[in-house]
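The values are calculated or read from the model by the stated rules, or taken from the named source; none is laboratory data. In this text, all values refer to a predicted model and were calculated from it rather than measured experimentally. Cβ coordinates were reconstructed from backbone atoms using ideal geometry, including for glycine residues, and neighbour counts include every protein chain displayed. In case anyone asks, the SASA skips ligands and DNA or RNA and just uses the protein heavy atoms, side chains included. Shrake-Rupley method; radii C 1.70, N 1.55, O 1.52, S 1.80 Å.
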Amino acid sequence: MDKEIVGSLIGCFSYLFCALCLMSFGIYALKSKNPINFWAGDKIPPEKITDIKKYNRANGIMWLTYGALFLSCCVITFFNDMLAGMLCMGLAVAGIPALIFIYICIIKKKYFIKED
């Protein structure tokens, strides 16, 4: 087997694994009856959320979208390994702060009950 093909397969499976983990969490968020947590170790009481179903839906869509971007790396790796690697690194480096921004500035602001 050609070394380039093996490298592409390893890259593809790595990106696919990341995508499936992220998208699985997105599906879990969509189906959850209780508010899902964004921060590790954080427990959100249901009484702090205005609409749990919409809150979880917004979180689920955020994680599904992020996972789909990693899935695109899987496809791109068969055409250009370097581009797929750079895109994956960009998603990891810029994606995490983007997720935090989306959660805090959009989701949390919209669905958390405002405390006076």
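Restricting to the stretch 81-116, give me the number of residues that are of a type in the set (A, V, I, L, M, F, W, C) and open to solvent by less than 30 Å² (accessible area, probe 1.4 Å).
Selection size over the stretch 81-116: 5.
Only one of these conditions is not met by Phe78: (1) surrounded by fewer than 19 Cβ atoms within 10 Å (Cβ to Cβ); (2) assigned to a helix (DSSP H, G or I); (3) modelled with pLDDT under 90. Which number is it?
In the conditions (1) surrounded by fewer than 19 Cβ atoms within 10 Å (Cβ to Cβ); (2) assigned to a helix (DSSP H, G or I); (3) modelled with pLDDT under 90, Phe78 misses (2) alone.
Consider Leu69 against the criteria (1) more than 18 Å from Lys114 (Cα to Cα); (2) free of Cβ contacts under 8 Å to residues at least 24 places away in the same chain: it satisfies all of them except one. Which criterion is unmet?
(2)
Output the residues belonging to the stretch 81-116 that are in contact with a helix residue (DSSP H, G or I) (Cβ under 8 Å, 6 or more places away or on another chain) and either among the hydrophobic types (A, V, I, L, M, F, W, C) or part of a loop (DSSP other than H, G, I, E, B) (or both).
The first filter runs over the stretch 81-116 and keeps only residues in contact with a helix residue (DSSP H, G or I) (Cβ under 8 Å, 6 or more places away or on another chain), leaving 81, 83-85, 87-88, 91, 95, 99, 102-103, 106-107, 110-113.
Selection gives Leu83, Ala84, Leu87, Cys88, Leu91, Leu99, Ile102, Ile106, Ile107, Phe112, Ile113.
Looking at Leu9, is it out of contact with any Gly (no Cβ under 9 Å at 6 or more places or on another chain), surrounded by 12 or more Cβ atoms within 10 Å (Cβ to Cβ) and hydrophobic (A, V, I, L, M, F, W, C)?
yes
Can you confirm whether the stretch 34-47 contains a residue that is among the polar types (S, T, N, Q) and in contact with a Leu (Cβ under 7 Å, 6 or more places away or on another chain)?
No: the stretch 34-47 contains no residue that is among the polar types (S, T, N, Q) and in contact with a Leu (Cβ under 7 Å, 6 or more places away or on another chain).
For the stretch 1-29, give me each residue that is small (Gly, Ala, Ser) and either modelled with pLDDT under 90 or more than 13 Å from the chain's Cα centre (by Cα) (or both).
Gly7, Ser8, Gly11, Ser14 - these are the residues of the stretch 1-29 that are small (Gly, Ala, Ser) and either modelled with pLDDT under 90 or more than 13 Å from the chain's Cα centre (by Cα) (or both).
Is there any pair linking a residue in the stretch 38-53 that is among the hydroxyl-bearing types (Ser, Thr, Tyr) to one that is open to solvent by 80 Å² or more (accessible area, probe 1.4 Å) and not in a helix (DSSP H, G or I), with Cβ under 8 Å and at least six apart or on different chains, and which?
Thr50/Ile113
Report the residue count in the stretch 30-68 for those that are at pLDDT below 95, open to solvent by 70 Å² or more (accessible area, probe 1.4 Å) and part of a helix (DSSP H, G or I).
2
Cβ contacts < 6 Å: first residue surrounded by 14 or more Cβ atoms within 10 Å (Cβ to Cβ), restricted to the stretch 12-29; second residue among the aliphatic types (A, V, I, L, M), any location; separation 6+ or different chain. Result?
Between residues of the stretch 12-29 that are surrounded by 14 or more Cβ atoms within 10 Å (Cβ to Cβ) and residues that are among the aliphatic types (A, V, I, L, M), the close pairs are Ala19/Leu71; Met23/Leu64; Gly26/Leu64; Ala29/Ile36.
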